[in-house]
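Following: one structure in structure tokens, then a few remarks.
Each value in this text was obtained by applying a stated rule to the coordinates, not by laboratory testing. Note that the structure is a prediction, hence the values are computed from the model and not measured. Backbone-built Cβ (ideal geometry, glycine too); neighbour counts: all protein chains shown.
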Amino acid sequence: MNTIAARLSALTSRIRTAAAAADRSAGEIRLVAASKTFPPPAIQEAVAAGVSDIGENYIQEARDKYAALQGIPVTWHFIGHLQTNKAKYAVRMFDLIHTVDSYRLVLELDRCAQKINKVQAVLIQVNVAGEESKSGVAPEEALPLIRRAAALEHIAVRGLMTLPPYFNAPQKVRPFFAALRRLRDRIAAEQVENIGMQELSMGMTGDFEAAIAEGATLVRIGTAVFGERS
Ligand SMILES: *Cc1c(COP(=O)(O)O)cnc(C)c1O
């Protein structure tokens, strides 16, 4: 289990098992390999082993790696906290930004996307447990933010993301995943024009099976792909 290919193969089979247990098709679940702190050769190794989606947390680190990996056939995801003054770099690199949590940020993303003729796909990050230390909008703020974002021509909202409280027992996290799914269902029922609510970005190495049971479509997994971060 000490190569990326071996870890990935074990992980893929766990994802399939979790999908089957939830009566879902494994094809509905995309693995976003969270590669923060791992250098470009590790990403190349993961891609050679079948990874198609890469998630990065820090803009400067991502810029260096993106430049080193020019043209690599992957979809790039931004999964870290995004400062408004870094929006222009994010828009140039990332296919999907998972962590939009303010109107000010989405407005700036729209402005930067317009400049490069892009429609930027985003998810709204929700702080489901109302933790002080976490980014994300409160659950009741998600729909109002989405309604405002829907009016921006260069933004496409695709769903919701959450980083739930940490527990060492994944079953304790599951209610927070369920809460995000219910919020998604309520917002989808509003049928806001120009937005999609198909994506639920939730689940990491320690809890992705619970997230898949609750409807995750994007699981962000680092350790189980690349090994422990030092
Ligand atoms: C690092 C990170 C992950 C992956 O964490 P692992 O526990 O290594 O799988 C997922 N989501 C976010 C936002 C992260 O920062």
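Entry note, the chain: the mean residue ellipticity at 222 nm calculated from DSSP H runs of n ≥ 4, each adding -39500 (n - 2.57), is -13000 deg cm²/dmol after division by the residues and rounding to the nearest 500.
In terms of other Cβ atoms within 10 Å, LEU143, LEU11 run from fewest to most in the order LEU143, LEU11. Given the chain reduced to its alpha-carbon atoms as identical point scatterers, what log10 I(q)/I(0) does the Debye formula return at q = 0.13, 0.14, 0.16 Å⁻¹? Evaluating at q = 0.13, 0.14, 0.16 Å⁻¹ gives log10 I(q)/I(0) of -0.74, -0.87, -1.14. Each of THR162, THR217, THR205 was scored by other Cβ atoms within 10 Å of its Cβ. Arranged with the fewest first, they read THR205, THR217, THR162.
With bins 10 Å wide beginning at 0, the percent of Cα pairs of segment 42-159 falling in each bin runs 14, 44, 31, 12, 0.
Per the Debye formula on identical point scatterers at the alpha carbon atoms of segment 178-218, with no solvent, log10 I(q)/I(0) at q = 0.14, 0.29 Å⁻¹ is -0.33, -0.96. Across all directions, the average projected area of the convex hull around the alpha carbons of segment 147-230 is 6.7 nm². Computed over the chain with a Gaussian network model linking Cα atoms closer than 10 Å, the most mobile of GLY136, GLY27, GLY55 is GLY27. Per residue, the convex hull spanned by the Cα atoms of segment 1-106 measures out at 111 cubic angstrom. Computed from the Cβ-Cβ distance with R0 of 25 Å, the FRET efficiency linking GLU61 to THR3 stands at 0.60.
Neighbours of ALA211 by Cβ distance under 11 Å: Lys/Arg scored +1, Asp/Glu scored -1, total 0.
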